[in-house]
1. Can you pull the mean other chain C-beta count within 10 Å for peptide A:37-44?
2. Leaving out ligands, DNA and RNA, calculate the buried accessible area for the pair A and B with a 1.4 Å probe, summed over both sides, in Å² to the nearest 100.
3. Beyond 19 Å, what share of the Cα-Cα pairs of region A:1-52 is found? Please give it as a whole percent.
4. Quick one: length gained pulling A:Arg60 to A:Ser75 fully straight, 0.36 nm per residue minus the C-alpha distance?
5. Taking the alpha-carbon centroid of each part, what is the distance from region B:1-79 to region A:33-81 in angstrom?
6. I'd like to compare B:8-15, B:113-120, A:98-105: which one has the highest average count of other Cβ atoms within 10 Å, and what's the full order after that?
7. Note down the magnitude of the dipole of region B:55-124 about its Cα centre, charges +1 on Lys and Arg C-beta and -1 on Asp and Glu C-beta and zero elsewhere, to the nearest 20 debye.
8. Jot down the per residue volume, in cubic angstrom and as a whole number, of the convex hull over the alpha-carbon atoms of the protein assembly as shown.
Amino acid sequence: IQLTQSPSSLSASVGDRVTITCRASQGVSSYLAWYQQKPGKAPKLLIYGASILQSGVPSRFSGSGSGTDFTLTISSLQPEDFATYSCLQLSTYPYTFGQGTRLEIK
Amino acid sequence: EVQLVESGGGLEQPGRSLRLSCTGSGFTFGDYAMSWFRQAPGKGLEWVGFIRSETSGGTTEYAASLKGRFTISRDDSRTIAYLQMNSLKTEDTAVYYCARGDCSVGSCDQFDYWGQGTLVSVSS
């Protein structure tokens, strides 16, 4: 299953609302997770089950969607949110990631 | 505190083998699946495979492109998961991460805690 994220990169300002999209080449039900990764660091789980917020993750992060179309929304960007975001489907082997969305400071 | 620490990375020649270890602490290791991922320099994340907990059968799943060369195993008494990599290729050069998984006999719901990664470089 191929996952296509859009946009591939994004410039935004602190306080902005940002939405990242992940589209699957075939349905994955709700078996989709979102990860945040900063340079030189391990990925951090933000959302799983398409919309379930991982414990300890700020509530400004939210996920939605099912089937083939998913979104990750950050309601009000904070300085620590500038990173790369990747979606992962866990519906069908092999598990696959989107290519990543790089979120940069405007 | 949940911690995962990878070790065993380094420089290896093409065609040789390398075994990575992932030592877990701060949780009941045997209750969880353990997965491996990798990330080539400047590239995106790639799933390598995972091993279920013994209570879920201890079975493994792999990325098709790696099956046959890579093998995942676990030693719950030592809280270690292993990634055995054989017949290494230059394209196996990457940072390798292990992660704890919430997986049943069927699929996985998520991989929540990740190690810091270990770099494997394959070059002659």
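1. Numbers: counts 4, 0, 0, 3, 3, 13, 8, 3.
Other-chain Cβ atoms within 10 Å of each residue's Cβ, averaged: 4.
2. Values: alone 5650 and 6180 Å², together 10230 Å².
Result for this pair: about 1600 Å² buried.
3. Numbers: 514 of 1326 pairs.
Every Cα pair in region A:1-52 considered, those over 19 Å come to 39 percent.
4. On the way: separation 15, 0.36 × 15 = 5.40 nm, distance 0.50 nm.
Answer, rounded to one decimal: 4.9 nm.
5. Answer, in whole Å: 24.
6. Working: B:8-15: 13.2, B:113-120: 19.6, A:98-105: 17.8.
Those peptides, ordered most packed to least, come out B:113-120, A:98-105, B:8-15.
7. Values: 6 positive and 8 negative charges, 53 e Å.
Dipole magnitude for region B:55-124 comes out near 260 debye.
8. Each residue corresponds to 112 Å³ of Cα convex hull volume.
The values are calculated or read from the model by the stated rules, or taken from the named source; none is laboratory data. All of these numbers come straight from a predicted model, not from anything done at the bench. Neighbour counts run over all protein chains shown; Cβ positions are idealised from the backbone, glycine included. Calculation scope for accessible area: heavy atoms of the full protein, side chains included, ligands and nucleic acids excluded. Shrake-Rupley method; radii C 1.70, N 1.55, O 1.52, S 1.80 Å.
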